[in-house]
1. Please tell me if B:GLU72 is under 23 Å from the mean Cα position of the chain (by Cα) and either part of a loop (DSSP other than H, G, I, E, B) or charged (D, E, K, R) (or both).
2. What about B:ILE112, is it within 19 Å of B:VAL371 (Cα to Cα), modelled with pLDDT under 90 and surrounded by fewer than 23 Cβ atoms within 10 Å (Cβ to Cβ)?
3. Output the residues belonging to segment B:63-110 that are more than 11 Å from every other protein chain (Cβ to nearest Cβ) and free of Cβ contacts under 8 Å to residues at least 24 places away in the same chain.
4. Could you pull out the residue among B:TRP324, B:TRP271 that is over 30 Å from B:LEU366 (Cβ atoms), in contact with a helix residue (DSSP H, G or I) (Cβ under 9 Å, 6 or more places away or on another chain) and either modelled with pLDDT of 90 or more or not β-branched (Val, Ile, Thr) (or both)?
5. Report the residue count in segment B:284-315 for those that are over 30 Å from B:THR211 (Cβ atoms), free of Cβ contacts under 8 Å to residues at least 60 places away in the same chain and surrounded by 17 or more Cβ atoms within 10 Å (Cβ to Cβ).
6. When residues of segment B:249-296 are filtered for being among the charged types (D, E, K, R) and within 14 Å of chain A (Cβ to nearest Cβ), how many remain?
7. Give me a count of the residues in segment B:327-344 that are modelled with pLDDT under 85 and small (Gly, Ala, Ser).
Amino acid sequence: MSSADTEQTAPDETEAAEEEAAPRDEAREALLAELTGLLGDAVVDSHIAPGRELWLRIDTAQWARAAEVLRQAGFTYFCFLSGIDWKPSPFGKSEGGSVAAPGAGEESGDTGAAADAEPEHGYTGGATRFQVFARLHSIKRGIGVILKADVPDDTLAVPSWTPVFAGANWHERETWEMFGIDFPGHPDLRNIYLPTEFEGHPLRKDFPLLSREVKPWPGIVDVEPMPEEEAGDAAAAEGAAEEGDTP
Amino acid sequence: MTAITDRQQLAYIAGQAAEARVNVELETEGMLLNIGPQHPATHGTLRIVVQLDGEQVIAADPVCGYMHRGYEKLVEVRKYPQINTLVNRIDWLGHFANEVPFVLAAEQLMEIEAPERAQWIRTILFELSRIANIALFLGDMGVQLGALTPVFFAFRDREHVLNLMEAASGGRFHPNFNRIGGLKDDLPKGWIDETRQAMERIRRFCDELETLLMGNEIFEARTRGIGVIPPEIAQSYGLSGPNLRASGVDWDLRRDVPTPLAWQHVDWKVWTHPDGDSFARYWVRLQETREATRIVDQLLDGLPSGPIMAKVPRIIKVPEGEAWVSTENPLGEMGYYIVSKGDTGPFRVKIRSASFNNISILPWLLKGVYVPDIITILGSLYFILGDIDR
């Protein structure tokens, strides 16, 4: 995919050299060049999906400064802020799909094997288990940008955006209770949805969805092999996506 | 513009003065008033704890979560077609509109596009759900001010739209009509004529409400200049939809963001109001409902023929990647950020719902207002509890 490092002052040329056939998105490439100029070494990595979106990975220490710079560059509309846990879930889908049979997540061996799995990051990569991501939009320019930042594994803290965008207040409270990510500088970090005495962080991948663990998913019948798949249902399930047959 | 900031400044000064009076001079604590979670003005279970000095609000703290269902966790153990059923319960009055951005995001990652006819029907049903949603607001706002007639009109005429939704999809509130790659079915016979008649009725309903409320002395006195939101503040809190347009920001995702849906094929107008007060929010929604009926009429005229379902695999697997798609839902910008790992279900879905951001402005907005105005401001911001709590 197209990615540009901070050192590259002209990301357009390098991208064109990398993949000539890929569709171009000149508006977002120009925006990327402009923002890289404004933010300097705060931009760790970037990604453009042509015609869809621009992703920037921001250095964690400069997360709050990046928000201020972007706001002054016209990105005044705060869309959302949230977190993501990149670690694969030790419980799988809890529905007897590709990862585990129903209830198998409770077995210690299965859980242990998946719990050691390394986090696999999405666009713009990452170095830590958790990331925060947010979206800002410029109404004047009609273009938006998605920002990501690593959350250091030891402190689990990312600078708060509340001084820049007042709307980040509730979003950071939600991220704090759902992922346990701290936001130093937030005026009032407390639970927003969950009761005060709630323990754990529900959106972390190692937090089990108990309703699924105690009772098998009734939709389990859906994964019974279809008549034409009887030869080998594992192979058929794998190849089904490529078959392209309409119902 | 200056009028707005002056008014807001006065409210702010009044709030500060109230705080100073309570805490310093008299050494009183003020009064804590708990509104909700079960209160007719809270549209469900939003609880607001306000600190009062006499009739004036010093601080307001909305407490949400009484209806938190944890959709972002639930979708992680479901497959894409199953998630469709869940998400149309987020904003239960704008039912169909909730499904569309999710399906579009999945289609974007799979690099398939629904046939043209499906996109047009999606747009029609999208606008119908907007009418069903906002019609209820138009009536409900009257109730907040003591006028009961508008809400009966609203329930009466919304029924026609819900009947259309039921005729097309089988579900009045939870259509679950979208499929990745198109729609479940084509429109039933005679549906188009019925829709035209219903749109006529909705336009009459809008006229009726305009006669009933606009220019009414009580309505004007209780909404004009109340709950003023300046555009910069609105943007920093992420207000969207009619709430943002009522603050004079000319932004509508239907027009300003490239979308496969059919809005660019019809002639319509984005309504804005410069005042940013409760009245402006009501006025913008009233105009939008009318505009939606015009959009539906034009789409019915030009509805293309053809298939309603693209060629998609029987087992839906979404390729690895990330996608963000948002649409202009009845309540504002609603979007889904999907992270896929190439599985039959998503790795993570962030649901950005409009009401969550729209309501997060309350602590700022309610400071310095009087108790009866809390109710009208809440009504004019118009939220659905399921859209806040998800």
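1. For B:GLU72, the condition - under 23 Å from the mean Cα position of the chain (by Cα) and either part of a loop (DSSP other than H, G, I, E, B) or charged (D, E, K, R) (or both) - is met.
2. Values: within 19 Å of B:VAL371 (Cα to Cα): no; modelled with pLDDT under 90: yes; surrounded by fewer than 23 Cβ atoms within 10 Å (Cβ to Cβ): yes.
No.
3. Correct list: B:LEU86 only.
4. Working: B:TRP271 fails: over 30 Å from B:LEU366 (Cβ atoms).
On inspection, the qualifying residue turns out to be B:TRP324.
5. Going residue by residue through segment B:284-315, those that are over 30 Å from B:THR211 (Cβ atoms) are B:302-315.
With free of Cβ contacts under 8 Å to residues at least 60 places away in the same chain added as a condition, the list becomes B:313-315.
Restricting the remaining residues to those that are surrounded by 17 or more Cβ atoms within 10 Å (Cβ to Cβ) gives B:313, B:315.
Adding up the residues that qualify gives 2.
6. Pass one, segment B:249-296, residues among the charged types (D, E, K, R): B:250, B:252, B:254-256, B:267, B:269, B:275, B:277, B:281, B:285, B:288, B:290-291, B:294.
Among the residues that remain, those that are also within 14 Å of chain A (Cβ to nearest Cβ) are: B:250, B:252, B:254-256.
Selection size over segment B:249-296: 5.
7. Residues meeting the conditions: 1.
Rundown of residues vs (1) at pLDDT below 85; (2) crowded, with 19+ Cβ neighbours inside 10 Å, yes/no style:
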| residue | (1), (2) |
| --- | --- |
| B:ALA3 | yes, no |
| B:ASP6 | yes, no |
| B:LEU10 | yes, no |
| B:ALA17 | yes, no |
| B:THR28 | yes, no |
| B:ARG69 | no, no |
| B:VAL77 | yes, yes |
| B:PRO81 | no, no |
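The values are calculated or read from the model by the stated rules, or taken from the named source; none is laboratory data. What you are looking at is a predicted structure, and each value in this text was computed from that prediction instead of being measured. Quick reminder, even Gly has a Cβ in these numbers, built from the backbone with ideal geometry, and neighbours come from all protein chains shown.
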